[in-house]
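The values are calculated or read from the model by the stated rules, or taken from the named source; none is laboratory data. Worth saying up front: this structure is predicted, and the values here are computed from it rather than measured. Glycine gets a Cβ as well: all are built from the backbone with ideal geometry, and neighbour counts include every protein chain shown.
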Amino acid sequence: MLRQIINYLFFGLLISSCTNIFEKEHRISDKYFVSKDPAGNFYSLDYNLSDGNAILRVANVKRAGEIKGFIIVETEYNEFYIFNSKKDSIYYNSPDIIGNPKTNREYLKFLDSLKVDDFEFKFSLDK
């Protein structure tokens, strides 16, 4: 009996070391969230499939937010991804929807085009 309890405890510790059960998702919009990647040491932006699964959209997320239907992500490499969330679906691969990375200058120009003065990222590693 004691051996069985020890085996269960060992198995429980083994499983819990593979994933952090306390890690939470940071909701960006109804379809997107940021979470720590279970296989890597980085955060990722994922497209929620609503069945407990998700599709990776952007890896190495530093900050992420949403404004006027656009998802804006800054990576740890100081690149920006800006894409229209209304055009996204489960049938797209990441490069098809997110496009090429943008510079800080392009990001600021995009915000200016939306006439946005008070945009704040909903997720930030700096917080």
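Annotations for the structure displayed:
- Number of positions in the range 1-36 that are exposed (fewer than 11 other Cβ atoms within 10 Å of the Cβ) and either at pLDDT 80 or above or aromatic (Phe, Trp, Tyr) (or both): 5
- Test for ALA64: is it among the aliphatic types (A, V, I, L, M) and either on the phi > 0 side of the Ramachandran plot or buried (at least 18 other Cβ atoms within 10 Å of the Cβ) (or both): yes
- For beta carbons closer than 9 Å, sequence separation of 6+ or different chains, a first residue in the range 105-127 that is without any contact (Cβ under 8 Å) to a residue 12 or more places away in the chain and exposed (fewer than 12 other Cβ atoms within 10 Å of the Cβ) and a second that is of a type in the set (A, V, I, L, M) and assigned to a helix (DSSP H, G or I), the qualifying pairs are ASP117/LEU111.
- Filtering the range 37-54 to residues that are surrounded by fewer than 17 Cβ atoms within 10 Å (Cβ to Cβ) and without any contact (Cβ under 8 Å) to a residue 40 or more places away in the chain leaves ASP37, PRO38, ALA39, GLY40, ASN41, PHE42, SER50, ASP51, GLY52, ASN53.
- Residue ranges of strands (runs of 3 or more DSSP E) in the range 44-127 with at least 1 members among the β-branched types (Val, Ile, Thr) and out of contact with any Gly (no Cβ under 9 Å at 6 or more places or on another chain): 54-59, 61-67, 70-75
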